[in-house]
Amino acid sequence: MTILDTRNRPLRDLRISVTDRCNFRCSYCMPKSVFGADHAFLPKTELLTFEEIARLAGLFRALGVEKIRLTGGEPTLRKDLDVLVRMLAGIPDLDLTLTTNGSTLDALARPLAAAGLRRVTVSLDSLDDAVFGKMNDVSFPVARVLAGIDGAGAAGLTPLKINCVVRRSVNLDSVIPLAERFRGSPHVLRFIEFMDVGTTNGWRLDDVVPAGELAAMIGARWPIEPAERHYPGEVAERWRYRDGRGEIGFISSVTRAFCGACTRARLSADGRLYLCLFGVRGIDLRAPLRSGASDADLTALISTAWRARDDRYSELRGAATEGLPRVEMSFIGG
Ligand code: SF4
């Protein structure tokens with residue numbers, strides 16, 4: 001089945017946030033100044049249970065979703081995550097993946113792969129401990145994340161995607177060392193333009209390094225050329241090294257918006273459906289779920305929402321979007 005929104009975009013990808021908690025405080029997502037020690041995270045009773053997540057995932061699958069990405073906060077902080085992965089891996093022909101900060105991957109890669117996880121994306125904003133510490137604001141050692149990447153590789157979760165958010169004022173000098181590290185490896189490094197997600201990360205346009213500038217920087221060191229996207233709606237622009245040493249990607253929501261082919265929906269940890277990363281309001285699926293709604297009722301709620309969708313925030317970014325009370329990225333996953 002395929003359902004199309006008002007811009008003829010099919011619903012193909014679902015990102016499920018399984019927790020709003022994280023053990024990092026990345027400045028572009030969950031700044032410590034806002035998410036401090038006394039921040040009130042969602043109590044367990046407000047989180048969707050694994051059974052509720054699996055039920056909704058089955059309904060989304062029937063509506064055309066082909067890929068589910070587990071996110072957070074930091075999804076591996078949700079206890080017994082492998083149990084949920086096993087439940088979701090039972091849904092036929094589903095591409096099941098996870099985005100993580102890599103902090104627990106050295107221990108969890110094997111059980112998650114054994115439970116049916118297919119792929120993993122790891123965030124790594126620098127190889128330099130001091131710079132990485134500035135980005136994640138908890139001084140987590142790079143070596144642990146690299147050990148997690150090796151562990152995931154050994155567990156068969158290859159190739160990995162490695163995501164690096166670039167802030168001109170913080171980690172621009174980390175770009176070439178990261179490219180050098182993953183060139184020639186099976187893993188695909190992607191650089192993400194710093195985005196005005198949520199309302200708390202102090203976003204400024206002059207702190208964004210455009211994908212074009214990053215491509216020129218890397219191309220000056222190792223010639224690269226554009227490569228075809230694997231499928232319509234793929235988030236990252238693909239580029240390959242001309243010398244055959246692999247590929248690199250750019251996620252350019254600010255300077256080269258890709259809303260035209262956006263096929264992504266997001267489910268928050270408390271069961272609200274968001275139709276855009278920069279969404280303002282979510283549609284509550286938990287209340288009907290917990291008050292006995294049938295599969296048909298829930299399916300109608302989801303498909304009605306998607307069919308009415310006209311989100312294209314990144315195309316509209318500017319005066320028209322200033323001051324919008326956007327949902328925090330840590331609440332719905334990147
Ligand atoms: S801004 Fe919204 S509509 Fe555009 S690509 Fe991102 S999530 Fe999709």
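The values are calculated or read from the model by the stated rules, or taken from the named source; none is laboratory data. This structure is a prediction, so every number in the text was calculated from the model and none was measured. Positions of Cβ are generated from backbone atoms using ideal geometry, with glycine treated the same way; all protein chains shown enter the neighbour counts. Keep in mind that these areas ignore ligands, DNA and RNA; they rest on the heavy atoms of the full protein, side chains included. Shrake-Rupley method; radii C 1.70, N 1.55, O 1.52, S 1.80 Å.
Quick look at the values:
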read-out	value
Additional length obtainable on full extension of the chain from Thr304 to Glu322, 0.36 nm per residue less Cα span	3.7 nm
Beta bridges per DSSP with both ends in segment 13-332, % antiparallel, nearest 5	30 percent
Unit charges at the beta carbon, dipole of segment 13-332: most positive-side option, Tyr313, Ser139, Phe250	Phe250
Shape category assigned to the chain from the gyration tensor of Cα positions, a/c cut at 1.5	rounded
Highest-first arrangement of 79-87, 160-168, where packing means the average Cβ count within 10 Å	160-168, 79-87
Packing rank of 20-32, 145-157, where each peptide gets the mean count of other beta carbons within 10 Å, highest leading	20-32, 145-157
Solvent exposure of segment 13-332 as accessible area per residue, Å², 1.4 Å probe	41 Å²
Share of carbon and sulfur in the accessible heavy-atom surface of the chain [1.4 Å probe, %]	53 percent
